[in-house]
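Written out below as structure tokens is the structure these notes cover.
The values are calculated or read from the model by the stated rules, or taken from the named source; none is laboratory data. Note that the structure is a prediction, hence the values are computed from the model and not measured. Please note: Cβ atoms are built from the backbone with ideal geometry, for glycine as well, and neighbour counts cover all protein chains shown. What goes into the accessible areas is simple: the full protein's heavy atoms, side chains included, and nothing from ligands, DNA or RNA. Shrake-Rupley method; radii C 1.70, N 1.55, O 1.52, S 1.80 Å.
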Amino acid sequence: MKKHSLLIYLVIFISATSFAQQSIDLDREEVLDQMELANKYFMEKWPDVGKTIITNMERPSHIWTRAVYYEGLMALHEIYPKQDFYNYALDWAKFHDWGFRSKNITRNADDYCAAQTYIDLYNLEPKPEKLKNTRAAMEKFLHTPQNGDWDWIDAIQMGMPVFAKMGVLENDERYFEKMHKMYMYSRDIEGGNGLFNPEDGLWWRDADFDPPYTEPNGEDSYWSRGNGWVIVALAKVLDIIPEDAPHRDQYIEDLEVMAEALAEVQREDGFWNVSLHDEDHYGGKELSGTASFVYGMAYGVNNGLLDAEKYIPIIEKAWKAMIEDSLHDDGFLGYVQSTGKEPKDGQPLSYDKIPDFEDYGLGLFLLAGTEIYKME
């Protein structure tokens with residue numbers, strides 16, 4: 001063998017060995033066990049799927065926080081089907097008569113987020129009554145001109161995948177077109193200049209945080225979980241819509257740009273700060289944003305959109321951090337920021353602190369874990 005051929009062979013071998021070592025740092029069965037542990041804690045704590053949620057006020061159990069949990073549960077059920085998971089989701093949907101907090105007139109994505117799980121359950125066992133409310137609630141968007149409903153970026157995750165699922169379910173591209181118009185309104189128009197900053201590759205939570213608003217260090221305010229909602233939405237929509245669906249390239253480009261920006265600001269310990277560009281202003285480790293970024297990046301790697309060599313170490317580091325620093329022996333998840341809209345809300349965070357809602361952090365943790373589980 002010639003020297004240069006031998007050299008090339010050695011480089012390829014070393015690179016392949018290095019990549020393989022990266023790939024086996026997370027054992028998929030251990031990841032599954034960790035997800036099951038966290039989910040078991042929650043299901044045992046909330047055996048009654050219809051029990052209202054009481055924090056500063058009493059709320060029904062199909063609000064957005066619980067709907068996000070069921071997104072994660074259905075993802076777990078997809079990779080590891082268990083009757084208990086299915087029954088828990090089905091009983092929840094039945095309790096609420098497959099409907100929404102503000103009925104079918106709602107335009108609030110927080111309300112119709114529950115439709116993500118209703119559609120998943122329908123697809124497993126199609127019965128018309130399951131989607132009577134979802135069809136009524138969503139069809140109206142096709143016949144009304146306004147596109148500015150998602151005026152805070154959390155709504156992109158709550159609502160966008162519903163439009164994607166409806167477009168596939170009904171074989172109706174009008175849902176894809178409406179979804180794109182609403183997304184682009186949030187991205188480029190809302191608040192005057194849109195909520196996405198292409199220079200930084202990140203999103204302001206809503207128009208209140210557009211410039212000239214800044215963090216104490218003079219940087220733009222990029223809230224971790226807010227950006228997490230967007231990257232989750234992009235990954236979910238790309239997973240749902242057909243390969244030839246209109247505007248797919250836009251979503252791919254935005255996911256790639258966000259992943260690149262997020263990779264640059266990961267903490268040394270594997271988490272992301274609550275405030276992405278000001279580590280001294282309620283920075284600190286936080287699980288829900290971190291889990292969201294893991295899900296988006298893992299989806300990108302699994303589907304050939306993101307470079308595996310670059311992002312697998314980031315994903316592994318983040319997952320290990322959540323397991324080592326957040327997951328309790330009984331399945332409770334620490335370092336979950338309570339509900340809010342900016343870094344200061346729900347502070348301070350800690351390993352033992354119980355957030356005002358325990359459900360959505362778990363849902364995002366399950367989404368992240370299921371995407372890691374799919375990795376080869």
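Counting only DSSP H runs of at least 4 residues, each contributing -39500 (n - 2.57), and dividing by the residue count of the chain, the helix-based mean residue ellipticity at 222 nm comes to -18000 deg cm²/dmol.
Dipole check for region 121-191: with +1 at the C-beta of Lys and Arg, -1 at the C-beta of Asp and Glu, and the Cα centre as origin, the magnitude is about 240 Debye. For E342, E309, E376, the ranking by accessible surface with the largest value first comes to E376, E309, E342, using a 1.4 Å probe.
Straightening the chain between D356 and E199 buys 53.1 nm, computed as 0.36 nm per residue apart minus the Cα-Cα spacing.
Ligands, DNA and RNA excluded, the heavy atoms of Y213 present near 80 Å² of accessible surface to a 1.4 Å solvent probe. Simple point charges give the picture: +1 on the Cβ of Lys and Arg, -1 on the Cβ of Asp and Glu, and for region 263-353 a dipole about the Cα centre of about 220 debye. Note on the chain: Rg/Rh from Cα positions, Kirkwood definition for Rh, rounded to two decimals, is 0.97. The listed residues I240, I189 rank as I189, I240 when sorted by accessible area, largest first, using a 1.4 Å probe. Placing pseudo-labels 7 Å out from each Cα toward the beta carbon at E29 and D149 gives an inter-label distance of 4.5 nm.
Overall, region 180-336 carries a charge dipole of about 460 debye about its Cα centre when +1 sits on the Cβ of Lys and Arg and -1 on the Cβ of Asp and Glu, all other atoms neutral.
Here each label is just a point 7 Å from Cα along the line to Cβ, and for R59 and K82 those points are 2.6 nm apart. Considering only P212, N193, M182, the residue lying farthest towards the positive end of the dipole of region 174-214 is M182, judged by Cα position with unit charges set on Cβ.
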